[in-house]
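The structure appears right after this line, and notes come after that.
The values are calculated or read from the model by the stated rules, or taken from the named source; none is laboratory data. It should be emphasised that the depicted structure is a prediction, and the values quoted were computed from it without experimental measurement. When we count neighbours, we look across all protein chains shown, and the Cβ atoms used for this are built from the backbone with ideal geometry, even at glycine. Note: areas computed on protein heavy atoms with side chains; ligands, DNA, RNA excluded. Shrake-Rupley method; radii C 1.70, N 1.55, O 1.52, S 1.80 Å.
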Amino acid sequence: MVDLTDLMDDEVFRAFASYATIIISKMMLMSATTAFYRMTRKVFANPEDCATLGKGENAKKYLRTDDRVERVRRAHLNDLENIVPFLGIGLLYSLSGPDPSTAILHFRVFVGARIYHTIAYLTPLPQPNRALGFLVGYAVTLSMAYRLLKSRLYL
């Protein structure tokens, strides 16, 4: 069994923990950004959320969709769909003893791609900017999965 102090001395695991913290913080920021846009634009998805702004029919006018709120919400959803697989595969990959420079490059490129994707989504930048951010991050996760399956796992 690996001692936790030994794990924290591993350069690849420390790098993974650092970049995972950055990307999780970014994902949490997207949640707060969605809430900010909902509050400032008075756009809510649930009737109980509108209760503080009015009663009955008056509250229903706040129960609607807004293009800007939906754009932020979709960017956050896209983060959830891409960051969670990165965290799982990246953890297994970092524990498999990869070359430190290759592993750190994987982590850096993924974080950069996700930040770029968010900027491209929220600005909005014309396509293929957003697609490029998505595909680069996805390719990094696939690359780690391939390297993990090829080198360490039993098939």
For LEU135, solvent-accessible area (1.4 Å; no DNA, RNA or ligand), Å²:
100 Å²
With all protein chains present, the chain has a carbon and sulfur share of its accessible area (1.4 Å probe) in percent of 63 percent
Against the globular-protein guess of 2.2 N^0.38 Å, express the Cα radius of gyration of region 104-146 as a ratio, rounded to two decimals.
1.14
Per the charge dipole of the chain (beta-carbon charges, Lys/Arg positive, Asp/Glu negative, Cα centre), the residue among TYR62, ASN82, ALA113 reaching farthest to the positive end is TYR62
Quick one: net charge around PHE134, please, counting Lys, Arg +1 and Asp, Glu -1 for every other residue with C-beta under 14 Å from its C-beta.
+1
Leaving ligands, DNA and RNA out of it, work out the accessible area of ILE24 with a 1.4 Å probe and give it in Å² to the nearest 10.
60 Å²
Put TYR146, TYR138 in order of accessible area, largest first, probe 1.4 Å, and you get TYR146, TYR138
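Could you please report the charge total around TYR121, scoring K, R as +1 and D, E as -1 over all other residues with beta-carbon less than 9 angstrom from its beta-carbon?
Net charge around TYR121: +3.
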Once R0 is set to 35 Å, what does the formula 1/(1 + (r/R0)^6) return for the Cβ-Cβ distance between THR123 and THR102, expressed as a FRET efficiency to the nearest 0.05?
0.65
To the nearest 20 debye, what is the magnitude of the charge dipole of the chain about its Cα centre, counting +1 on the Cβ of each Lys and Arg and -1 on the Cβ of each Asp and Glu?
840 debye
VAL84: accessible area at probe 1.4 Å, nearest 10 Å²?
90 Å²
Counting only protein heavy atoms and rolling a 1.4 Å probe, one gets per residue an accessible area for the chain in Å² of 61 Å²
Calculated FRET efficiency, ILE115 and SER151, Cβ-Cβ r, R0 35 Å, to nearest 0.05?
0.75
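For region 4-152, build the convex hull from the C-alpha positions and give me its volume per residue in Å³.
Taking only Cα atoms, region 4-152 has a hull volume of 120 Å³ per residue.
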